[in-house]
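Visitor: Please find one structure pasted underneath; my questions will follow.
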Amino acid sequence: MSENSARSVTVERTSTGHFVATNTRGGTINFGTGSDSEFTPVELLLAALGGCTAVDVDLATSRHAEPTSFSVEVSGNKINDELGNRLTDLAVTFTVTFPDGEGADRARTILPRAVKTSHDRLCTVSRTVEIGTPVTATIEDA
């Protein structure tokens with residue numbers, strides 16, 4: 001494991017059902033239970049799936065041409081069964097267009113391979129979800 005492999009965020013409660021996550025660089029994102037417009041943790045997971053692969057695909061394609069549109073829809077079904085609460089049928093769908101031109105033609109050609117490579121190898125979030133990684137939960141004395 002390399003020295004820079006560790007990743008972490010801190011989640012703090014701001015009020016009942018409302019939280020803020022802070023990364024080590026000082027960035028923050030507010031979320032909650034879904035009682036208002038804030039993202040829920042499940043929606044943040046979906047955003048992380050889409051965001052991770054979007055970054056990979058954008059880096060691979062935009063070096064050839066700036067897209068005229070680029071969106072990623074991520075969906076799934078939240079269920080509760082004998083395994084507990086979880087998401088099933090996760091789907092990541094790209095809608096990307098490029099202008100006319102030689103660079104844009106290269107970007108269009110690269111797009112399917114970039115999506116596949118992100119899914120199969122590069123996107124840490126989707127790889128972690130698909131492979132499955134144990135999660136430990138502990139309580140630290142205050």
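Visitor: If you go through region 58-78, how many residues are open to solvent by less than 80 Å² (accessible area, probe 1.4 Å), farther than 18 Å from THR93 by Cβ and under 20 Å from the mean Cα position of the chain (by Cα)?
Guide: Matching residues across region 58-78 total 1.
Visitor: Which members of region 79-108 meet the condition of being charged (D, E, K, R) and open to solvent by less than 70 Å² (accessible area, probe 1.4 Å)?
Guide: ASP81
Visitor: Further, regarding this structure: Of everything in region 10-37, what is of a type in the set (A, V, I, L, M) and either open to solvent by 80 Å² or more (accessible area, probe 1.4 Å) or within 21 Å of THR124 (Cβ to Cβ) (or both)? Give them in sequence order.
Guide: VAL11, ALA21, ILE29 - these are the residues of region 10-37 that are of a type in the set (A, V, I, L, M) and either open to solvent by 80 Å² or more (accessible area, probe 1.4 Å) or within 21 Å of THR124 (Cβ to Cβ) (or both).
Visitor: So in region 38-57, with the set limited to residues that are within 28 Å of PRO99 (Cα to Cα) and not small (Gly, Ala, Ser), which one is surrounded by the fewest Cβ atoms within 10 Å (Cβ to Cβ)?
Guide: VAL55
Visitor: Out of the residues in region 25-50 meeting the condition of being under 18 Å from the mean Cα position of the chain (by Cα) and hydroxyl-bearing (Ser, Thr, Tyr), tell me which one is nearest to SER71 (Cα to Cα).
Guide: Selected residue: THR40.
The values are calculated or read from the model by the stated rules, or taken from the named source; none is laboratory data. These numbers were taken from a predicted model, which means no experiment stands behind them. Every residue, glycine as well, gets a Cβ built from its backbone with ideal geometry; the counts of neighbours run over all protein chains shown. Only protein heavy atoms, including side chains, enter the accessible area calculation; ligands, DNA and RNA are left aside. Shrake-Rupley method; radii C 1.70, N 1.55, O 1.52, S 1.80 Å.
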